[in-house]
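Any read-out appearing in this document is the output of simple, stated calculations on the displayed coordinates, not a laboratory observation. Here the structure is a predicted model, which means the values were calculated and not measured. Backbone-built Cβ (ideal geometry, glycine too); neighbour counts: all protein chains shown.
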Amino acid sequence: MVTFKAKGISVSVDTAVGHIADLTIETGSRVLKPLHRAPWIDEPQEMLPQGLPDGVTRLSGDFLCAPFSRSDVEEAPLHGWPANSPWDLIDSSATADGWRATLRLQRTVMGATVEKILTVRDGHPFLYQEHAFIGGAGAISVAHHPMTVMREGGRLAFSPKRAVVTDADPLEPDPARGSYLLAYPARSEDLRRFAGKDGATVDLTDYRMDRRHEDFVTLIEADHGGPGWAAVSRTVERDVVLILKNPAELPITMLWISNGGRDYAPWNGRHRGVLGIEDGRSAVGHAASLGDNWLKREGVATAFELGPDRRVAFRHVIGALPAATDEAVQDVSAAMGQLRVTTAAGSVLDVPYDAQFLRIGSSG
């Protein structure tokens, strides 16, 4: 484990698997912890089922998936070696206004060296991340995998999306092993009106704790010219968890809704209130991402092309802000030196933010 800090923010990385194990943000008298940590991490390893990927046994915070989901082109565990194997700390040093750390994956991915560059800045309630693939050959699908957790649910909001889609099959189709809520396959242009498996309409912006289910849905970014964002207004925690991206680099957001819908070990129905907000350039599985897939048919890129003389990089931001209530966020906009968050009730919060970091307008 390595930890680095700037004024008001601390980040810890589990170097055994490259997961962001902890993100702590101090703002006024509040201490915010926006990221999730699996309940079985500190349990004896012999209590866990045999053969689990290391990325599951140490599931926490955020991590790089490369590829996303199945590793069926180059042999690796679920979500690839970046989520399941050691990283080396290459550099960790102070900057003029904070701290920067660079880690390097001990393995290669499609022949590429993989680096993780993490930056925190004094007074900024955000972790700024960049991942780079240096060299290699072929193509790789990628996604971030940040997870937040809510004790009593919350309200979800997103930058404009042009479609919300479920795949052909649910995550847990066997009722002896788990349960699901949504219809598969299904599609909507309205997050508040999505088909449920029983014919009812489900509001995906309302994370409720009174039903147990495991679901997975893909959101395609609309062409709106600004940063892609997700905002989770957590009811009991009284904060807003923010995730930001450049849609040109990561054109989809996949939601993993894990609310007690897996009944087998190590989940055992106790993995509740968890939401994965997985910004990616991917279909489900490496081979699917490289071949023909429904996202490509809609004009959405699902992989990055690698090359021996190329450095392919993409960026991502995770943060949290205090909130008096669980009002849903209405809008998030970036301007020079700040991020403005506006709620549906009209309240406005401006916080320090590096508006140039995501390189909006760049092709990625």
Practice task
Determine ³J(HN,Hα), in whole Hz, for all residues of region 186-198 in sequence, where each value follows from phi through the Karplus function 6.51 cos²θ - 1.76 cosθ + 1.60 and θ = phi - 60°; x replaces Gly and Pro.
Solution key: 7, 8, 8, 9, 10, 4, 7, 9, 10, 5, x, 5, 9
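Rounded to a whole number, what is D in µm²/s for region 208-304 from Stokes-Einstein with the Kirkwood radius over alpha-carbon pairs (10 °C, 1.306 mPa s)? Numbers along the way, then the final one.
Details: Rh = 15.1 Å.
Result for D is 105 µm²/s.
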Problem - Within straight-line cross-link reach of LYS245, aspartates and glutamates at Cα separation under 12 Å, skipping those fewer than 8 residues along the same chain - result: GLU130, GLU221, GLU278, ASP279
Exercise for the section: With a cut-off of at most 14 other beta carbons within 10 Å, and DSSP calling the residue loop, which trypsin sites (Lys or Arg not before Pro) in region 1-64 qualify? Please list them. Expected result: LYS7
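Rank-order 258-269, 89-100, 149-160 by packing density, defined as the average count of other C-beta atoms within 10 Å over each peptide's residues, highest first.
Working: 258-269: 18.2, 89-100: 13.3, 149-160: 20.0.
Going from most to least packed, we get 149-160, 258-269, 89-100.
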Practice task
Express the relative contact order of region 199-286 as a whole percentage, based on alpha carbon pairs under 8 Å and six or more residues apart in sequence.
Solution key: 30
Exercise for the section: In a Gaussian network model over the chain where Cα atoms closer than 10 Å are linked, find which of PRO82, PRO170, PRO308 has the largest mean-square fluctuation. Expected result: PRO308
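Taking neighbour Cβ counts within 10 Å as the exposure measure, how do ARG70, ARG234 sort from fewest upward? Each step should come with its number before you reach the end.
Working: ARG70 18, ARG234 25.
Starting with the residue having the fewest Cβ neighbours, the order is ARG70, ARG234.
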Practice task
Could you pull out every residue, at least 5 positions away or on a different chain, whose amide H is within less than 5 Å of the one on GLN338? Hs are placed 1.01 Å off N in the peptide plane, and Pro or chain starts have none.
Solution key: TYR353, ALA355
Exercise for the section: Sort GLU115, GLU74 so the one with the fewest other Cβ atoms within 10 Å of its own Cβ comes first. Expected result: GLU74, GLU115
Problem - Cα→Cβ-extended label distance, 7 Å offset, between ALA200 and ALA137, nm - result: 5.4
Exercise for the section: Just need the relative contact order of the chain here, percent rounded to a whole number, with Cα pairs under 8 Å and 6+ apart. Expected result: 18
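Rounding to the nearest 20 debye, state how big the charge dipole of the chain is about its Cα centre with +1 on each Lys and Arg Cβ and -1 on each Asp and Glu Cβ. Walk me through the intermediate numbers first.
On the way: 38 positive and 47 negative charges, 86 e Å.
With Lys and Arg at +1 and Asp and Glu at -1, about 420 debye.
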Problem - Environment charge at ARG104 (Cβ cut-off 9 Å; Lys +1, Arg +1, Asp -1, Glu -1) - result: -1
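Using the structure shown, list the pairs from LYS5/LYS33; LYS7/LYS33; LYS116/LYS296; LYS5/LYS116 with a Cα-Cα distance above 22 Å, or answer none.
On the way: LYS5/LYS33 14 Å; LYS7/LYS33 16 Å; LYS116/LYS296 27 Å; LYS5/LYS116 16 Å.
Pairs exceeding the cut-off: LYS116/LYS296.
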